[in-house]
């Protein structure tokens, strides 16, 4: 029996509101739609995917800690924690797998405060501005790094 490499998809604050929250910025797809696309992309690459969404920083940090030694990669859309959470930065820095920072919109084309990411320095790479397709791109990037 072969064990599939696992990917942890983390979704930060307010992403549970996707589909209704600022659809002109974030699109009309729901978080469930994005997770389904990521799950299908992962399966196509022979990867297992598990997902957690939380509006609580501590839940995301606990999930990152639990991923150590049990997952090959973390794909994280940290939401507003992108700009503020040194605690998430530190947790990701202690993770030894691939880290993909993911954003539906392009933070660099938005308000100045969104242009700083404290996650980027500890990420393997960042995918932003491709809307819903970013979830598939993130999984494709993980698969490419693993192969």
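Brief remarks on what is shown
- Note on the chain: with a GNM built from Cα contacts shorter than 10 Å, the maximum mean-square fluctuation among 126, 39, 70 falls on 70.
- One Cα centroid belongs to region 1-32, the other to region 70-147; the line between them spans 12 Å.
- Rotationally averaged projected area of the chain (alpha carbon convex hull; nm²): 8.1 nm²
- Listed residues 11, 117, 58, most fluctuating in the chain (Gaussian network, C-alpha, under 10 Å): 58
We did not get these values from a lab; they are worked out from the coordinates using the rules stated. The structure presented is a predicted model; accordingly, all values stated were derived computationally and were not measured.
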